[in-house]
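Heads up: the structure comes next, in structure tokens.
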DNA sequence: TTAGATAAGTATCTTTTGATACACAAAATT
DNA sequence: AATTTTGTGTATCAAAAGATACTTATCTAA
């Protein structure tokens, strides 16, 4: 737990000493294992999770399909929680831990309180709203206007942009889940990409040829 | 202009006397005619419009098609402006006046300043973020998972829910623009609805049955 | 080493959506 | 009254996406 604490203290968003003291006073630190479901659709959320280490995946579900909303990485929080905690609402999405994660959990009522008290907290909250909104807006435009093959291509190129390697260790099913379609559709399009020499397909990963 | 001022003073979101004084000190009131484009994609926004009277339509565009993001009615503001004004960004959507509208315009830099100073302003901003996010999330889920005929049906029933009449004075082209598809697709589906006795079609309006 | 789970390839068929083109009628404009 | 604009109906064709079903690998764990 000491290590987590150290990690937390390095987060720039909460460097204000008063705020840091307050957070430590009220927060709980929890650990989540890979696959743990932290937020369920319809759930009443009276807490705000801030990721210290690890990665959460937030997605919407519809019968047999799902679609990615966003990932929550270190120093970030979940829009769902923020939204429902602040306004006393229910979550309209699901959140699952993608890897072993360490999470700071705050009681919901503090969010509004600190809004007026701590400028850095205020900024953190608004930055969260803003960037999550932007992400979603972008995703919305993509889903509304672009065919899946284009979205898939963009997904793959965006993926390798943040990595040193051009290997994408993601299964077709996972891609389908992120893009809101089915596995067969993804496999079909990837095969087409392979014919066009854009990728090389392997079990468990995709190699991007640029 | 006096009438506008009176309308403004009745808005509950800004009933805090200090805040009201500040707004009146810094705001400009403008009038927009039907069809006036107030916000363009890519535009740098250094102002925040708050609608006093009338209606703005905010939408995304992609070559020949467009899709509705949300409407901005009285006592509401535009997420685009808020987002780009607060964080010094460019708009990623377009805004057009649907009818003759009266709008209060605030310089962008005040948004952040008042955030910490006036609780009611703080609440207004966060409520805006929250409700716009919810709307968008809902629209996103719809576009991702539901076929157009279902979305169209929901659109029509939602429309009459707020009206006393069951006549929807909207052209097929407008429906296409709101739902992100083309006129022919809408006409085709509506014809199907008519066969199923769900609607009766007329020039310029649609009559919902039951 | 064998059984079960997971990942991927592929064929077939259907439905949905989109693109294009043209006809016709009701408004609006001149 | 004549012309133009706008709104709608519809036919045809093509492409995109989804559903289903079955096969073949590869990996994992008993």
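A short reminder: the numbers here are calculations on the coordinates, not readings from a lab. Please read these numbers as outputs of a predicted model, since none were measured by experiment. Methodologically, a virtual Cβ is constructed for each residue, glycine included, from the backbone with ideal geometry; neighbour enumeration extends over all protein chains shown.
Among the residues of the range A:151-182, the ones that are touching a helix residue (DSSP H, G or I) at 6+ places or on another chain (Cβ under 8 Å) and over 19 Å from residue A:98 (Cβ atoms) come to 7 in all. For the range A:147-180, a tally of residues being over 18 Å from residue A:70 (Cβ atoms), within 14 Å of chain B (Cβ to nearest Cβ) and outside any helix (DSSP H, G or I) returns 1.
Determine whether the range B:108-131 contains at least one residue that is within 17 Å of residue A:140 (Cα to Cα) and more than 7 Å from chain A (Cβ to nearest Cβ). Among the residues of the range B:108-131, at least one is within 17 Å of residue A:140 (Cα to Cα) and more than 7 Å from chain A (Cβ to nearest Cβ), which makes the answer yes.
Applying the criterion of at least 1 residues that are free of Cβ contacts under 8 Å to residues at least 24 places away in the same chain and within 11 Å of another protein chain (Cβ to nearest Cβ) to the strands (runs of 3 or more DSSP E) found wholly in the range B:41-91 leaves B:56-62.
The residues of the range A:186-198 that are near DNA strand C (Cβ under 9 Å from one of its atoms), surrounded by 15 or more Cβ atoms within 10 Å (Cβ to Cβ) and either farther than 24 Å from residue A:71 by Cα or within 14 Å of chain B (Cβ to nearest Cβ) (or both) amount to a single one, A:194. Only one of the numbered conditions (1) surrounded by fewer than 20 Cβ atoms within 10 Å (Cβ to Cβ); (2) within 11 Å of chain A (Cβ to nearest Cβ); (3) within 16 Å of DNA strand D (Cβ to nearest atom) is violated by residue B:34, and that is (2).
Residues are listed down the side, and each one gets a yes or a no for (1) away from DNA strand C (no atom under 16 Å from the Cβ); (2) over 27 Å from residue B:61 (Cβ atoms):
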residue	(1), (2)
B:114	yes, yes
B:132	yes, no
B:143	no, no
B:152	no, no
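Within the range B:199-210, residues that are within 14 Å of chain A (Cβ to nearest Cβ) and within 14 Å of residue B:153 (Cα to Cα) reach no partner that is more than 10 Å from DNA strand C (Cβ to nearest atom) and not in a strand (DSSP E or B) with beta carbons closer than 8 Å at six or more positions or on different chains.
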